[in-house]
Amino acid sequence: MKFFKVASLTFVCLLLGIVIATQYRSVKVINSLSVYEQQRSSDLITDLLREKRNNEQLQQRINELQKDLETYRTSSSNVTETIAELNEYVLKLQILAGLKTVKGAGVIVSIDSIGDALLDDSHILSVLNELRATDVQALAVNDERIIATSEVRRAGSYMTVNGRKLLPPYVIKAIADPENLESSLKIMSGVVDTLKYYNLKVEVKKEENIIIPAVRDDGTVLRHDLLTPVD
Amino acid sequence: MATRSKSILFVIFLLFGMVITMQLRSILLAQQQKSKEQTSIQSLSTELEQVKTEGLELQENLRMLEEEMEEIIKRFDSGDNPTLNELVKTRKNMQLINGFTSVRGDGVVITLNDAPARTEVDPNELIIHDSDITAILNDLKAAGAQALAINDERIIATSKQLCTGPTILINKSRYPVPYIIKAIGDQEALYSALEQSESVFIMRIYNIRVDIRKEKDILVPRFKVYESIDKMISGMEVVDK
C-alpha cells in the first residue's frame, strides 16, 4: 500500500515535470515562429510597396512617351515643329547627362576631418550613395560634377574626382526632387551621425538655390570611344 | 499523515490541471495566430505576384512605344533636311552618353559570390555589402571604365546600390548573389586595377569568391528608362553660363 502511494506520487510528479517542460518549449517555439513570420511579412510589404511605386513610375513614363509620340505624329508634316520637339528632348538628355549647369533646391553635405582623423574616399562614396538612395537628381563634390563614370579616390591628403585634385573640406552638393527633399534631409542626418564616429566633422543643410556646374568638357571625363552602340 | 499526503496530492493535481489548461490554450492561440499570419502572408504574396505581372505588362507596353518612337525618328533621318539630320545624330549621341543605348566592347567581368558558410565567423563578414560593390565600381571608374553594369542593370550617375538584407537593390530591382559586374574600357587597366584593389584583397581574405576575367565584346545593356524623364530632372533648372 505504501509502495503504491509512493509510486503513484512519483509518477504524477514526473508527468507534471514533463508537461511543464513541454509548455515552456512550445511557448519558445511559438515566439520564434512569430518573429520569423513577422519578418517575412514585413519583407513582403517592402517588396510590394516598391513594386507598386515602380509600376506607377512606369505608367508615368508610358504616358510621357505616348504624349511625345502624339506630338511627332501630328507634326509629321511640319518640320519646324518636329525640330522644336527634338530640340526639347535633346536638351532634357543634356541636363540628365550633366552637360548643363543646373540650379535647384537640395542638400549640401560638408565633410572635414578633425585633427589627424583619416578622411577616406569610402566616406565620400557612402555619402554619395546615400544621396542616390534618396533619389537625388544631380551630384557634385567640390563642384566637380558626378557622372556615371566619376571616381572618388584618396591620394594622400587629397581626393581626385574626374581626374582632378580636390582639397578638404569636401562639399557635396545634391539637387533633389522637391517632393523628396525633406526625406533626403532626414536620411542624410542619419548618415551624418554614423560618420561622426570616425572623428569627422560633418554638416548637412538644406538650401534653396544650389548651383551644380556642368561636367568638364575637355574630352577627359565624358569618354565613349571604346563603346560600340548596339541597335 | 494521511491529511498531509492528501494535501500534497491536492496541490500537485491543482498544478497539473493548471499546466494542462495553459498548454492547451497556448496551442490553440498559436494555431489561431499562425493561420492568421499565414493567410496574411499568402494574400501578400498573391498581391505581390499580381503587381509584378502588371509591371511586366507595363514594361512590354513601354517597349512597343519605344520601338514606335525609334521608327519615327528613323524616318526623320532619311529626310533631306540637314538641321533635322543633325538633330537626330545629336539625339543618338545623347542617348549613348546617358547610357540609354546598349553597347559592346572589350573589358572585364567580375563575379562576386558570398563566402561558403562557416560557423566560427560572424556571418555578417561573409556576405557582400553595398560598400564592397561601390568600392569595386569606384576602382573600375578610376581605371577609366566607360560603361558599367551590375547584373545587367546599367549604372548611371544616380544609380543606387543598396544593401537590403541578403540582397542588393540596384536601380529599381532587388538582386540576390551572385553579382556580375561588367565593365567596358581599357582591358589591361581595368584588370590590373582590380588585381591591385584593396577591396578585392580584403574580400578575398574573408573568402568571398571574387572571380575576375578579361572578356572580349562584352554586352552592357542600356539603362531601362522606367520612369518619366521629366521627373528625373524635375528639380533642375538650366543656368546659362
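Of note:
- Note on segment A:92-179: antiparallel DSSP beta bridges, both residues inside, total approximately 100 percent of the bridges counted.
- B:R75 paired with A:R216, simple spin-label distance in nm, labels 7 Å along Cα-to-beta-carbon: 4.5
- Segment B:R204-B:R4, extension gain: residue separation times 0.36 nm, minus the distance between their alpha carbons: 64.8 nm
- Value at 222 nm in deg cm²/dmol, rounded to 500, when DSSP H runs of n ≥ 4 in the protein assembly as shown each add -39,500 (n - 2.57): -18500 deg cm²/dmol
- Dipole magnitude of the protein assembly as shown about its Cα centre (Cβ charges: Lys, Arg +1; Asp, Glu -1), debye to nearest 20: 2660
- Tail beyond 30 Å, pair distance distribution of chain A (Cα, percent): 53
- Rounded to the nearest 10 degrees, the inclination of helix A:181-196 to the longest alpha-carbon principal axis of chain A is 70 degrees.
- Chain A, dipole about Cα centre (Lys/Arg Cβ +1, Asp/Glu Cβ -1), debye to the nearest 20: 1420
- Eligible aspartates and glutamates near B:K224 by straight Cα distance, threshold 14 Å, same-chain separation 8 or greater: B:E60, B:E66, B:E67, B:D152, B:E153
- Based on the convex hull around the alpha carbon atoms, segment A:130-231 presents an average projected area of 8.7 nm².
- Placing unit charges on the Cβ atoms only, positive for Lys and Arg and negative for Asp and Glu, gives segment A:1-73 a dipole magnitude near 680 debye about its Cα centre.
- Cα-based helix-to-principal-axis angle, A:79-97 vs chain A, degrees rounded to 10: 50
- Among residues other than A:D225 with Cβ under 14 Å from its Cβ, the summed charge is 0 (Lys and Arg +1, Asp and Glu -1).
- Interface residues of segment A:132-150, defined as those with an accessible-area decrease of at least 40 Å² between the chain by itself and the complete set of protein chains (probe 1.4 Å), are A:R132, A:A133, A:Q137, A:A148, A:T149.
- Distance between segment A:175-211 and segment A:32-93 - C-alpha centres, whole angstrom: 27
- Rg/Rg_ref, segment B:80-166, where Rg_ref = 2.2 N^0.38 Å and atoms are Cα: 1.58
- For the chain pair A and B, the buried solvent-accessible surface (1.4 Å probe, both sides summed) amounts to about 8900 Å².
- Separation of alpha-carbon centers, segment B:29-78 and segment B:206-235, rounded to whole Å: 21
- With viscosity 1.567 mPa s and temperature 4 °C, the Kirkwood radius over alpha carbon pairs of segment B:137-241 converts through Stokes-Einstein to a diffusion coefficient of 83 µm²/s.
- The overall shape of segment A:1-124, judged from the alpha-carbon gyration tensor, is oblate: a/c is not under 1.5, and a/b is no greater than b/c.
- Dividing the C-alpha radius of gyration of chain B by 2.2 N^0.38 Å, with N its residue count, gives 1.66.
- Of B:S43, B:A157, B:V210, farthest towards positive along the dipole that unit charges on Lys, Arg, Asp, Glu beta carbons give chain B: B:S43
- Per residue, the convex hull spanned by the Cα atoms of the protein assembly as shown measures out at 207 cubic angstrom.
- The lysines within cross-link reach of A:K28, meaning a Cα-to-Cα straight distance under 22 Å and a gap of 8 or more places when in the same chain, are B:K34, B:K36.
- Tilt relative to chain A, helix A:2-74 - C-alpha long axis, 0 to 90 degrees, to 10: 10
- Positive dipole terminus of the protein assembly as shown, leading residue within B:Y179, B:H129, A:G106 (C-beta point charges): B:H129
- Look at the dipole of segment A:68-138 built from charges on Cβ: of A:T71, A:L96, A:G115, the Cα furthest out on the positive end belongs to A:T71.
- Violating pairs (Cα-Cα greater than 31 angstrom) within the set A:K165/B:K89; B:K89/B:K182; B:K89/B:K141; A:K100/B:K160; A:K201/B:K231; A:K52/B:K216: A:K165/B:K89; A:K201/B:K231; A:K52/B:K216
The values are calculated or read from the model by the stated rules, or taken from the named source; none is laboratory data. This structure is a prediction, so every number in the text was calculated from the model and none was measured. When we count neighbours, we look across all protein chains shown, and the Cβ atoms used for this are built from the backbone with ideal geometry, even at glycine. Surface accessibility is based on the protein's heavy atoms, side chains included, excluding ligands, DNA and RNA. Shrake-Rupley method; radii C 1.70, N 1.55, O 1.52, S 1.80 Å.
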